[in-house]
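Quick notes on the structure that follows.
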Amino acid sequence: MFEGILRPLRWFYHEFGVVAIHETGRNAYLIILARTCRMFAYGTNALILAIFFSALGVSDHQIGLFMTLTMLGDVVLGTFLTLVADRIGRRKVLVGGSVLMVFSGVVFAVFENFWILLLAAIVGVISITGGDFGPFRSIEESMLSQLTTPATRADVLAWYVSTALLGSALGSELSGRVLHLLQSKDGWAEVDSYHALFWIYAVMGMVNLGLVLLLTDACELQPTKEAYTQLPQDEYAHNVDIGAENSPPPEEEGLAPLRPRNWIMRVFQWLSNRLAQISAPTRSIMYKLWFLLAVDSLADGMVPYSLTNYYLDEKFHPSKSVLGDITSFSYLLGALSATFAGPLSRKIGLINTMVFTHVPSSASVLVFPFPPYLWMAAGLLLIRSGLNNMDQAPRSAFIAAVVKPEERTAVMGITATIRTLAAMTGPSVTGILAASDRFWVAFVAAGSFRLAYDFGLYAMFVNMKLYEHESKQPTDGSHGHHPRQVSDEERELEGLVDSSDTDSGSEEVEPEAPKGRFANLEVPDLDQRVRSRSPRRSSIDS
C-alpha cells in the first residue's frame with residue numbers, strides 16, 4: 001500500500017520536472033521563491049492600479065500616460081542594469097532592484113499626488129501589467145540557464161513561471177479580500193484601503209531582498225577557457241612572441257577610439273558596443289525573434305490585466321471581491337497550465353508548445369469585448385490567462401538554446417527591453433480609445449496582433465536547430481547529465497595521448513620542452529582545438 005502511494009508521487013517528481021530543480025540545487029530554489037514573492041506583490045497591483053488612479057480622480061488618458069511612462073522607466077533601468085550585470089555582478093543588480101521595489105511600495109502607500117507617484121514608478125519598480133518587467137527576470141533567467149543543463153532547463157524554467165503565477169493568484173485573491181474587508185469598516189475610505197495594499201508590496205520587496213542575499217557565487221558569470229590556441233605556421237612566426245604580455249595597449253599606440261562629446265551619442269555608442277559583443281549568427285536569429293516579440297508585447301501592453309480588470313469594472317460593475325476572485329482564479333489556472341509546459345515541450349518541441357498553447361489565448365483576447373454577461377467575459381479571461389503563460393518557459397529555453405552561454409544575459413536583457421518598449425505604447429493607445437468610448441477596439445487589435453505573432457513564430461522557427469553552443473546536449477527526456485560530444489580532432493589527439501600512455505606503462509612522463517626558436521610556444525590543453533593561421537592544415541592534424 002505504501003508503495004502504491006509513492007509510485008504516483010515518484011512519477012510526478014520525474015515527469016513534471018521537480019527532479020530538475022533538485023539537480024540544479026539551492027540557488028534554483030531561492031530564485032524561484034524570490035520571483036514567487038515578487039509576483040505575489042505584482043498580483044496585488046494588477047487588480048487595483050488602474051482602479052486606484054480612477055478613485056483619485058485621474059482621467060483615463062492620464063492613466064494610459066502613467067502606464068506608458070512607467071514602462072519607459074523600466075526600459076531605461078532594465079536595459080542599463082542587465083547590460084552591466086555580468087560586469088558588476090548579477091546579485092548586486094538584483095539587490096538594487098529589490099531596494100527600488102521597496103522604495104516604490106512605500107511611496108505609493110503614503111502619497112496621492114499623481115506626479116509624485118509617476119516619478120516613483122519611473123525611478124523605482126512597479127508592475128503596471130501584472131508581469132515581471134524591470135531588471136529581475138532577464139537576469140534570473142540567465143542565472144537559471146547557466147545553472148541548468150539542456151535536459152533540465154525547460155523544466156526548471158517551467159516551474160519558475162508556474163510558481164510565479166501561483167504567487168500572482170494568491171496576491172490577487174488576498175487583495176480582493178483585504179479591500180472588501182477594509183472598505184466595509186467604518187472610517188476606511190476607498191483610497192485608504194488601496195494604500196494598505198502597497199504596504200504589502202513594500203514588505204514583499206524586503207523579502208525579495210533577503211532571498212537575493214542568500215544566492216551564491218555560482219549565479220555569477222563563470223569564466224570560460226579559450227576554445228582555440230593559435231600556432232603560427234609561416235616562416236616569420238619565430239619573430240612573434242605569442243606569449244608576450246608587455247606590448248603596449250592600443251590606447252598607448254595612438255589607436256584609442258574617439259569619444260563623442262554629446263552624451264546622447266555616448267549612450268548610443270555604449271549600447272552599440274554591447275550589441276556588437278553578440279555574435280553575428282546570434283543577431284541574425286534574434287532580429288527576427290525580437291520583431292515578433294515586439295508585436296506580441298504591443299498587444300499585451302494594450303490590454304494588460306490592470307486595464308482588463310478596469311474594463312470589467314466599468315462594464316459590469318462587480319464587487320471588488322468578485323473581481324479579485326476572477327483575477328485570482330485566472331492566475332491559478334495559469335500556474336497549473338505552466339507546469340505542463342516542460343513535459344509538453346519535451347514531447348512536441350519548444351516552438352510547437354509556444355504556438356499551439358498561445359493561439360487559443362490570443363483568440364480569446366480577440367472576442368473578449370463582445371459577450372454581454374460577466375460570466376461569459378470571465379470565461380474568456382480564464383482561457384486567456386490559463387494558456388497565456390505556457391509559452392514563457394519554452395521561449396526562455398529556446399533563447400538559451402540558440403545563443404552562446406556568454407551572450408545570454410545581454411540577449412535576454414535586450415529581449416526584455418524590446419518587449420517593454422513595444423508594450424509601453426499600448427496603454428496610451430488604450431487610454432485614448434477608452435476616453436472616446438472605444439475601449440473594445442483595443443481588445444480586437446490586441447488579439448489580431450497576438451495571432452500574427454503566433455503564426456510568424458511557427459513559420460520562422462519551427463525547424464530551427466538548437467543546442468549548437470551547448471557542451472552538453474539532451475539526447476532524451478531524462479534528467480541525467482550527458483557527456484560532451486567530442487569532435488574528430490579531439491578524438492585523434494586523445495588517441496595519440498592514450499597510445500603514448502600505453503607504451504610507457506603506468507608511469508607519467510613529462511613532455512620534453514621545445515627548444516630553439518619554438519621555446520616560447522606552449523603545448524595546448526587536450527580540451528583545446530588547434531587552429532592554423534596558414535591555409536595548410538597543421539601537422540598535428542595530418
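The values are calculated or read from the model by the stated rules, or taken from the named source; none is laboratory data. All values derive from a computational prediction rather than experimental measurement. Positions of Cβ are generated from backbone atoms using ideal geometry, with glycine treated the same way; all protein chains shown enter the neighbour counts. For accessibility, only protein heavy atoms count, side chains too; no ligands or nucleic acids. Shrake-Rupley method; radii C 1.70, N 1.55, O 1.52, S 1.80 Å.
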Segment 55-144: C-alpha pair distances exceeding 17 Å, %:
49
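Within a Cβ distance under 13 Å of residue 67, other residues only, what is the Lys/Arg minus Asp/Glu net charge? Don't skip to the answer; put the middle values down first.
Numbers: positive: none; negative: 60, 74, 300.
Neighbour charge sum, excluding residue 67 itself: -3.
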In whole Hz, the Karplus estimates of ³J(HN,Hα) for segment 431-448 (6.51, -1.76, 1.60; θ = phi - 60°; x where Gly or Pro) are x, 5, 5, 5, 5, 9, 6, 10, 4, 5, 5, 4, 5, 5, 5, 5, x, 5
In sequence order, what are the phi-derived ³J(HN,Hα) couplings for segment 193-198 according to the Karplus relation 6.51 cos²θ - 1.76 cosθ + 1.60 with θ = phi - 60°, rounded to whole Hz, with x for glycine and proline?
5, 5, 4, 4, 5, 6
Cβ-based net charge around residue 211, under 12 Å, with every Lys or Arg adding one and every Asp or Glu removing one:
+3
How many nm separate the modelled label positions at residue 58 and residue 440, each set 7 Å beyond the Cα in the direction of the Cβ?
2.7
I'd like the carbon and sulfur percentage of the solvent accessible area for segment 289-376, probe radius 1.4 Å, heavy atoms only, ligands and nucleic acids excluded.
75
With a 1.4 Å probe and all protein chains in place, put 219, 37 in order of accessible area, largest first.
37, 219
What size of dipole, in debye to the nearest 20, comes out for segment 84-140 about its Cα centre when the only charges are +1 on Lys and Arg C-beta atoms and -1 on Asp and Glu C-beta atoms?
280
What number in nm² do you get for segment 1-123 if you take the convex hull of its Cα atoms and divide its surface by four?
11.3
Keeping all protein chains in position, work out how much accessible area residue 74 exposes to a 1.4 Å probe, and write it in Å² to the nearest 10.
10
Whole-number value, in Å³ per residue, for the convex hull of the alpha carbons of segment 276-402 is 114
Accessible surface of residue 173 in the full protein assembly, 1.4 angstrom probe, to the nearest 10 Å²?
50
Report relative contact order for segment 106-208 in percent, whole number only (criteria: Cα-Cα under 8 Å, sequence separation at least 6).
37
Accessible-area order for 22, 195, 14, largest to smallest, probe 1.4 angstrom, reads 22, 14, 195
What does the net charge come to around residue 52 if you take all other residues with beta carbon closer than 14 Å to its beta carbon, with K and R at +1 and D and E at -1?
-4
Along principal axes, Cα extents of segment 332-372, largest first, whole Å:
40, 21, 8
Length gained, residue 92-residue 33, 0.36 nm per residue minus C-alpha separation, equals 19.4 nm
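Give the dimensionless ratio obtained when the Cα radius of gyration of segment 101-177 is divided by 2.2 N^0.38 Å.
Compactness ratio reported: 1.39.
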